[in-house]
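*Asks:* Below are the structure tokens for one structure; questions will follow.
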Amino acid sequence: MDTISYTEMLDIADEGAKVLHNRCVEVGEKFDVPIEAKSTFKLCKGTIINNKIEGGYVKSIVKNDNLQYVHIKSEGYSLEKFNTIYNSFIENELNVKNLVNSSETNLNLSFTIPKQKFNKLATLLEDEYQEVEASYLDITRISIIGNGIMSNNIILNKTMKIIEENKLDIISMEINEAKIAIIFKEVISDEILDELHRELINFK
């Protein structure tokens, strides 16, 4: 790509692509300094990251297998109980994301954490929250990134067709103006990523 916006590059970095550190992009955006990302090994033109926004098509697809899906539950719910548990997650730097509490009467939390944080989480629950029942899944999160893609129904239709044809089971789907992020109930093969690339990249 010739160019990509700071916002899109931040999404790509936050979703786990090892291209640029998100702090690098944040500083570039803050001071409006264009960044050029290019090959270490080839003398060729790179991609300029700047504030120019071209919308309506996919710029990148990121597959993240380095995630654990966690479901914890216990009898009874109170705001104090929720806050205590969540604050302990923050204090232990567990990098909890996609947090959902799906019950009004019991504690019924689901969220994702990086796999490297799993042992710390398991130890925390065992030491401090014995009343909590926990289960875990190895999952994949695939993020399709590009400003304005929410308004392009063909992109979503193509994505859902691939999911249906491959009989993939979805836990959750997040759609906003610049990203479609899907969490699957298992680790998804790289062949699925290749298929998404063929169908969606350079599609306008």
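*Asks:* Within region 75-94, which residues are under 17 Å from T105 (Cα atoms) and outside any helix (DSSP H, G or I)?
*Replies:* E75, G76, Y77, S78
*Asks:* Now, a different point. Give region 11-61 a look and list any residue that's within 16 Å of M1 (Cβ to Cβ) and charged (D, E, K, R), or say none.
*Replies:* Across region 11-61, the qualifying residues are D11, E36, K38, K42, K45, K52, E54, K59.
*Asks:* State whether one or more residues within region 131-151 are under 12 Å from L200 (Cα atoms), aliphatic (A, V, I, L, M) and over 18 Å from the mean Cα position of the chain (by Cα).
*Replies:* So far as region 131-151 goes, no, none of its residues is under 12 Å from L200 (Cα atoms), aliphatic (A, V, I, L, M) and over 18 Å from the mean Cα position of the chain (by Cα).
*Asks:* Looking at region 90-97, can you tell me whether even one residue there is surrounded by fewer than 16 Cβ atoms within 10 Å (Cβ to Cβ), of a type in the set (S, T, N, Q) and under 29 Å from L10 (Cβ atoms)? Quick ask: steps written out before the conclusion?
*Replies:* First, the residues of region 90-97 that are surrounded by fewer than 16 Cβ atoms within 10 Å (Cβ to Cβ): 90-93, 95, 97.
In the following step, the residues that additionally are of a type in the set (S, T, N, Q) were identified as 92, 95.
Next cut, under 29 Å from L10 (Cβ atoms) only: 92, 95.
Yes, there is a match, as at least one residue in region 90-97 is surrounded by fewer than 16 Cβ atoms within 10 Å (Cβ to Cβ), of a type in the set (S, T, N, Q) and under 29 Å from L10 (Cβ atoms).
*Asks:* Please work out which residue is nearest to D65 (Cα to Cα), limiting yourself to region 9-53 and to residues that are modelled with pLDDT of 85 or more and among the small types (G, A, S).
*Replies:* Filtering first and then ranking leaves A13.
*Asks:* Here is a further query. If T3 passes every condition in (1) surrounded by 14 or more Cβ atoms within 10 Å (Cβ to Cβ); (2) assigned by TED's automatic domain parsing to the domain that holds L125; (3) at pLDDT below 90 but one, which one does it miss?
*Replies:* Tallying (1) surrounded by 14 or more Cβ atoms within 10 Å (Cβ to Cβ); (2) assigned by TED's automatic domain parsing to the domain that holds L125; (3) at pLDDT below 90, T3 fails exactly one: (2).
*Asks:* Which condition from (1) out of contact with any Asp or Glu (no Cβ under 7 Å at 6 or more places or on another chain); (2) β-branched (V, I, T); (3) farther than 25 Å from F184 by Cα is the one that I48 breaks?
*Replies:* Unmet for I48, out of (1) out of contact with any Asp or Glu (no Cβ under 7 Å at 6 or more places or on another chain); (2) β-branched (V, I, T); (3) farther than 25 Å from F184 by Cα: (1).
*Asks:* Also: Considering only region 127-159, state which residues are among the hydrophobic types (A, V, I, L, M, F, W, C) and free of Cβ contacts under 8 Å to residues at least 60 places away in the same chain. Let's see the steps before the verdict.
*Replies:* First pass over region 127-159, keeping only residues among the hydrophobic types (A, V, I, L, M, F, W, C): 132, 134, 137, 139, 142, 144-145, 149-150, 154-156.
Answer for region 127-159, where residues must be among the hydrophobic types (A, V, I, L, M, F, W, C) and free of Cβ contacts under 8 Å to residues at least 60 places away in the same chain: M150, I154, L156.
The values are calculated or read from the model by the stated rules, or taken from the named source; none is laboratory data. This one's a predicted model, so the numbers in the text were calculated from it and none came from an experiment. Positions of Cβ are generated from backbone atoms using ideal geometry, with glycine treated the same way; all protein chains shown enter the neighbour counts.
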